[in-house]
Amino acid sequence: MRASAALPGLAAAFTLSGAAALVAEQVFEKLLSTLLGASTPAAALVLSIYFAGLTAGALLYPRLRRLRVSPLFLYPALELLVAAACLTLAWCFEALVPAFAPVLRIGVGKPVLLTVLRGVVASVWILPLTIPMGATFPAIVDAVDRVTGTSRPRSVSVLYAANLVGAILAAVGAPIALFPFFGMNGGLYYAASFDVIAALVALLFLSSPAKREESPPDSPPVSPARRVPRRLVAFAATTGFLFFALEVTWTHLASAVIGNSVYAFAAILSSVLIGLGIGGVASALLFRRSPRLPPWAPGGALVAGALTLALAHSLWPLVPHAVAQLGSRARSFSGEELARFAVAAAVVVPPASVLGLAYPLVFRTSDFPEDERGGAAGLLAAVNALGCILGSIAVGFFLLPGFGSEATERLLVALAAVAGVSAVLATGTAMRHLPVVVAGAAALASALLLPRWNRLALTSGEHVYFREGFVRPDSQLLSFHEDARGGITTVVGNTVAGIVLRTLLTNGKFQGDDRGEMAAQTSFALVPTQYLSHFDRALVIGLGTGRTAFVVGAMGFGAIDVAEIAPGIVLAAKDQFAHVNHHVLDRPNVSLFLEDGRNLLLLRDATYDLITVEITSIWFAGATNLYSREFYALAKGRLREGGVLQQWIQLHHIGLEELVSVVATAHDVFPYVSLFVLGGQGLIVASTAQEEVQPAFAERLRTARAPALLGVADDSAALTLLVSSRLLAPADVARLSGSPLARINTDANRFLEYATPRYGYRTDDMGSANVASLASVASKHPAATP
């Protein structure tokens, strides 16, 4: 085997390494959300720790080299360490959540301390894997130089591009072919196998005697900080900041205009990585006859990227309609997701490709050191990762909450233009690079002068079911709020017969209104209370319009906790829906927690007579955390004796298998589970005691003025409606849970998260069909008895 084959062989190994890294990153985000919460700040913390590990690994690489360990063996060893860390997490995951929850409870009520403790916990999970992962890039660069006996200016760009190709394959393939079938633990096993294969392939190309003879003797490396010009270091940090800030902004926007499912997020992530990959490949292929590029080339690429980004900026409000136009022709789930991906790629790939060219060009400039290139590449990779961390924090915690996505992207266009021009001018005079300066000025002007977005078009929600929904050309935008936690929350008004109907939307998806869905919102509170004998304390997870929380209070609960993750929902409930919730959040017995509902239960010791869950559709990414066996076990532990859990479950755009999975998973924890259908919506009621209507229920309905709340004639009609709406009694659910369709949803397999989005393209009445199928297995007995 000749030394000339080493670069292609090691590039293949590094492709597998990139795939493993991306799979592991997705698994971390999913698994840690069960412990740290499903909020955007928690996700940003996970990503920051992930990149911090990559930074630390790259910076530690020179110390490893001082141990006189040859890169020929160091790179495979690092890949094996990553594989071992993946396997350890897969084997220990179930024990980690209960082990670390007591640590996090120390910070309850102390936001700064809680954030620090979350960072500590995330570090324990992530750093053992990402530190050796961060050292693989400089190690493989040095390995290539040793095995070929010379440095190749293009080899660093080739390896960088190969790693990105692996990440792209994982971003596309993992959500489609890996996670739905093998779950999160299976993903870690596959990531470990990719790393092991990468190590074996590397050993194959690095261990032959011929190569060792070509390799110069190893010597202690010179500190890369003394060899890499400071402006290259600054440029690497700046490009990391810009690109990751843009990725966070694009992902945030994607949830509002492309979709909220794991597949929609995969579409935007794949588009970003494809753009990076195209830039990486182009950096290796362009100017093949000129192995060394002029120092101004990376800055010029950044200016070109700023111009491309400015041109793409105005496309975002057009995306929901474009997705609807393409998706309406879909006749399958794959066609549906291809429509989302095509639109995401059209908006994101062009600017990502040009911007993605800038950083890898650094490795080909005449300023990049010709010897000890591994240490130099490691230093630049470290500061690039540090820039990624700062970009994530800046956008997630400051820019998006403070200015919104439109202004944030404009600011990033301006920053890219200024940074690119500055990098070019640092290598010569303005007159020498006048075209680049003019292009940068044009990009900067575009950031200031581009027309403002049409917010009604941006949040139309046409992308949800590929058709016009609650937003029409004559709709009024009554409220608009954007934040990093809940995305874009809007309230639209539609005039019907002279009356303005208010509809609450999150990222274009329906969350509640003040007319048609009032009966369902009211029933979420009334149905479970028929089985309660104590009304001391209740927890409402998901505020929505606030109607459910109000009705819970009307039923006589002494104290009510409300968990709502999105600040925009809270503001909308207060400002736009006070007429349906009667200012419930201002009442002295109501406590609002701007927190993930599951995390609230995990970290606080409060117990409840009623827990009612009314979150968004189950196919939203992260929603499965409140439909897993582990969540039901947690909720059961927080219920007092005789307490009841109520949970909304959609009946439309969901398959029968997924519905059965939800009730079967609840029954796996609770001995008594019923399914109610009221107002076209499904309600699960779960308890540890037999579900019997309490004698005082009728009186409580009378005191709460239930007929007026439900829109029925009198107390008797209200009682009959609530009691008779039970479709499946506990005996029916127990029988159904033994069917072949009953797949238990867990934190590790996340079955529902990957199965439920597959019905968005369907136009038939799935709700009626599901109710009919479930009714066929219902036993014929009075609804009020178990």
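Key figures
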| quantity | calculated |
| --- | --- |
| Whole-number Å³ per residue for the convex hull built on Cα positions in region 1-221 | 123 |
| Sum of side-chain charges, GLU462 neighbourhood, beta-carbon under 13 Å (Lys, Arg +1; Asp, Glu -1) | +3 |
| On Cα atoms only, tilt of 373-393 relative to the major axis of the chain in degrees | 30 |
| Rounded to 5, percent antiparallel among DSSP beta bridges of region 528-775 | 45 |
| Square roots of 5 times each gyration tensor eigenvalue, C-alpha, region 528-775, largest first, Å | 26, 21, 19 |
| Counted charge near ILE684, where neighbours are those whose Cβ lies closer than 15 Å (Asp, Glu -1; Lys, Arg +1) | -2 |
| Acute angle (nearest 10 degrees) that the helix 71-105 long axis makes with the longest principal axis of the chain, alpha-carbon atoms | 20 |
| Pairwise FRET efficiency - ASP668 versus ARG331, Cβ, R0 = 41 Å, nearest 0.05 | 0.70 |
| Over the chain, equivalent-ellipsoid semi-axes from the Cα gyration tensor in Å | 52, 29, 22 |
| Likely footprinting exposure, SER157, SER17, fewest C-beta neighbours within 10 Å first | SER157, SER17 |
| Exposure proxy order (Cβ contacts within 10 Å, fewest to most) of LYS110, LYS30 | LYS110, LYS30 |
| Extension gain, ALA775 back to SER290 (0.36 nm per residue minus Cα-Cα distance, nm) | 167.4 nm |
| Sequence-separation-based contact order of the chain, relative, with Cα cut under 8 Å and 6+ spacing, percent | 14 |
| Model label zone, HIS582; criterion: amide N under 11 Å from point 7 Å along Cα-to-beta-carbon; scope region 532-556 | 550-556 |
| Relative contact order of region 545-657, defined on C-alpha pairs under 8 angstrom at six or more residues apart (%) | 24 |
| Furthest towards positive pole of dipole, GLY642, GLY186, THR720, structure part the chain, Cβ charges | GLY186 |
| Region 1-221, relative contact order in percent, only Cα pairs under 8 angstrom and at least six apart counted | 47 |
| Student exercise, the chain dipole from Lys, Arg, Asp, Glu Cβ charges, in Debye to nearest 20 | 2000 |
| 17 Å cut-off, amide nitrogen to a point 7 angstrom out along ARG230 Cα→Cβ, residues in region 428-442 | 428 |
| Degrees between helix 333-361 axis and first principal axis of the chain (Cα, 0 to 90, nearest 10) | 30 |
| Share of alpha-carbon pairs per 10 Å distance bin for region 1-63, given as whole % | 18, 33, 29, 14, 5, 0 |
| Lys/Arg +1, Asp/Glu -1 at C-beta; the chain dipole; positive extreme among ILE618, PRO111, VAL418 | VAL418 |
| Proxy reagent accessibility, fewest Cβ within 10 Å first, across VAL141, VAL693 | VAL693, VAL141 |
| Environment charge at GLY109 (Cβ cut-off 13 Å; Lys +1, Arg +1, Asp -1, Glu -1) | +1 |
| Ranked by how many other beta carbons lie within 10 Å on average, peptides 390-396, 451-457 from highest | 390-396, 451-457 |
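The numbers here are math on the coordinates, done by the rules we state, and not lab data. Small disclaimer: the values here were computed from a predicted structure and weren't measured. All Cβ positions, even for glycine, are placed from backbone atoms using ideal geometry, and neighbour counts span all protein chains on display.
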